[in-house]
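In what follows, a structure is listed as structure tokens, so that the remarks can point back to it.
The values are calculated or read from the model by the stated rules, or taken from the named source; none is laboratory data. Just so we're clear, the structure is a prediction, and the values are computed from it rather than from any experiment. Note that each Cβ is placed from the backbone with ideal geometry, even for glycine, and that neighbours are counted across all protein chains shown.
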Amino acid sequence: MIRIISQPHYDTDVLIVGAGPAGASMGVHLRRLGYTVTLIDAEKFPRDKVCGDFVGPVALKELEGLGIGDQFESANRIDSSAVFLDGKQLIEQRFPAVRDLPAFGKVIPRMELDEKIFIAARKAGARTIEQCRLQHYTVYPTHVDAECKLNNNTHHICAKIIIGADGSNSTVAGILHGKKHPDESRILAVRAYYTNTTGPANRADLYFTENSFPGYYWLFPTGPHTANVGVGMVLETMPPGEKHLKEMLKELIVSDVSLHSRMADAEIIRKIEAWPLSTFDPSLEYVADRVMLIGDAGGLINALNGEGIQYALLSGRWASETIHMAMEAHDLGKQSLSDFRDRLNDAIGYDLALSRTIIQFIRNRKLNPLWIQLLKVIVQRASTDQTYAEIAGGILAGVMPANKVIHPAFITKTLLQAGIHFGMQGMLTLLGGPGSWQSFTSNALRFGLHLSEDLLQNPGAYLKWTGNLGKDMSRLAQYTINDMVSSTNSGKK
Ligand SMILES: Cc1cc2nc3c(=O)[nH]c(=O)nc-3n(C[C@H](O)[C@H](O)[C@H](O)COP(=O)(O)OP(=O)(O)OC[C@H]3O[C@@H](n4cnc5c(N)ncnc54)[C@H](O)[C@@H]3O)c2cc1C
């Protein structure tokens, strides 16, 4: 017996939920490939998005590929970054020239960036519906039925496939995974715009203090006298952070001498706003039958530097190429779409997994003194070794793949520097005579006692920390092996 499955009437080939950088860029790529696209967003454009606004070299290249690179000529250009620890500048580093990427980034307020990509999608022929919020969707063998709220009315859109590009609180991802993005992979951040700022307009500043670690704060100039200033913090630290982030930002602007020197007469423009970052979590799927997740909805944020715009744009392009292949094969099932997952894992999986593992280490605030020493070690080496500095700076700027970090030369240099750093401290202690030997030993002892006291008080939290660390490290090992195999294979070709 032959069963005939009737095709529904499709409103669109592809329904993209969310018109931020991920969704709108995907709209452009899919239109170029000839598909009908409906792009819905809960907001009306231009709309703001809480962000640091730093658009790195990879993202700038993607904007060029969308045909809108020249629309950001007047945006503030950033050529270098500086790192400050406890009010002292540790290093200033120019962005390295890498492959065919620009050796600079730009600070582009999201109000402007997102609207320009949104207009590009509309010009490319995507049907755009603003103030339309996805409520729910159901996947059938032949189509997806999406239920949306528009002007207080419920509307249904029938599509061949649905794309979740609806950001870090994604409804599409929540339905696909059956749960919210786990808190242990979330960062909370706040930012505000200020006027009357001073200092170099072409430099992005990153600040750390032992007290605020594992958070960091930033000043990214949007022009000669204006800046985006914010602070981000891992959501689940151990022990939990006590400070409210908005209060923390206000406090840091006054108490951190290096930040204060750029903001002594600064005035806030509008209010401080908060937003979560859903960072990479390798246990979560990006694809299911007739469903894909891109950008923040897929957790494509680098946990170490908070960068997500480049991954939003890259994932929008890669997902559209996978859809093209799947449409040609008349198969939009999970297996057929999994090419997108493999591509993500190959291209950025290792970098995101490494950042996640580092964050898993540093979320233990009891070890802050150790992490701060490690930061100093890396910066000391970078101040005397240009190649090392370019790798470290390049990873922070998001232009250098993090697998450079596991390069034997980088590790050897870091260990050598650590030997010099700690050796010098040991030497100074020895030269200081028996009095300082005692303080050295008692400091180490106190530090050890502190940890074991905490372990006794919070055995559950410690077990969770070590368990998660173990999981992340074994996943990282898998990515490392894959990475080595693929670089050996590409070397053979
Ligand atoms: C404080 C902070 C600082 C950051 N700084 C940087 C930085 O300097 N550089 C960098 O590269 N990255 C930064 N990021 C990360 C960056 O903001 C994100 O990675 C980026 O916005 C991802 O783009 P997206 O298109 O995936 O999601 P979004 O830009 O969040 O877009 C999602 C869209 O979906 C819409 N939407 C949501 N739910 C629905 C629904 N149910 N129905 C319809 N539409 C819906 C929203 O209105 C929104 O327009 C920062 C993030 C934060 C929070």
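Pick from segment 196-208 the residues that are surrounded by fewer than 23 Cβ atoms within 10 Å (Cβ to Cβ) and touching a Gly at 6+ places or on another chain (Cβ under 9 Å): which of them is modelled with the highest pLDDT?
Pass one, segment 196-208, residues surrounded by fewer than 23 Cβ atoms within 10 Å (Cβ to Cβ): 196, 198-203, 206, 208.
Subsequent filtering for residues that are touching a Gly at 6+ places or on another chain (Cβ under 9 Å) retains 201, 208.
Values: A201: 97, F208: 83.
Only one residue tops the list, namely A201.
When you look at G174, is it within 15 Å of the ligand (Cβ to nearest atom), touching a residue at least 12 places away in the same chain (Cβ under 8 Å), among the small types (G, A, S) and not in a strand (DSSP E or B), yes or no? Taking the combined requirement at face value, the residue does not satisfy it.
The helices (runs of 4 or more DSSP H) found entirely in segment 246-351 that carry 3 or more residues being within 22 Å of I161 (Cβ to Cβ) are 309-328, 334-344.
One line per residue, one yes/no per condition, for (1) away from the ligand (no atom under 16 Å from the Cβ); (2) modelled with pLDDT of 95 or more; (3) in a helix (DSSP H, G or I); (4) out of contact with any Phe, Trp or Tyr (no Cβ under 6 Å at 6 or more places or on another chain):
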| site | (1), (2), (3), (4) |
| --- | --- |
| I5 | yes, no, no, yes |
| Y10 | yes, yes, no, yes |
| D13 | yes, yes, no, no |
| A19 | no, yes, no, no |
| A24 | no, yes, yes, no |
| H29 | no, yes, yes, yes |
| G67 | yes, yes, no, yes |
| Q71 | yes, yes, yes, yes |
| A82 | no, no, no, yes |
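Within segment 298-329, restricting attention to residues that are modelled with pLDDT of 95 or more and among the β-branched types (V, I, T), the residue that is nearest to the ligand (Cβ to nearest atom) is I309. Within segment 91-142, the set of residues being part of a strand (DSSP E or B), among the hydrophobic types (A, V, I, L, M, F, W, C) and within 16 Å of A159 (Cβ to Cβ) comprises I129, C132, L134, V139.
Can you tell me which residues in segment 143-171 are in contact (Cβ under 8 Å) with a residue 24 or more places away in the chain and assigned to a loop (DSSP other than H, G, I, E, B)? First the steps, then the outcome.
Kept after step one, since they are in contact (Cβ under 8 Å) with a residue 24 or more places away in the chain, are these residues of segment 143-171: 143-144, 146, 148, 157-171.
Within segment 143-171, H143, A165, D166, G167, S168, N169, S170 qualify.
Would segment 309-330 turn up any residue that is closer than 15 Å to C51 by Cα and either outside the structural domain of D351 (by TED's automatic domain parsing) or in contact with a Cys (Cβ under 9 Å, 6 or more places away or on another chain) (or both)? Checking segment 309-330: at least one residue is closer than 15 Å to C51 by Cα and either outside the structural domain of D351 (by TED's automatic domain parsing) or in contact with a Cys (Cβ under 9 Å, 6 or more places away or on another chain) (or both).
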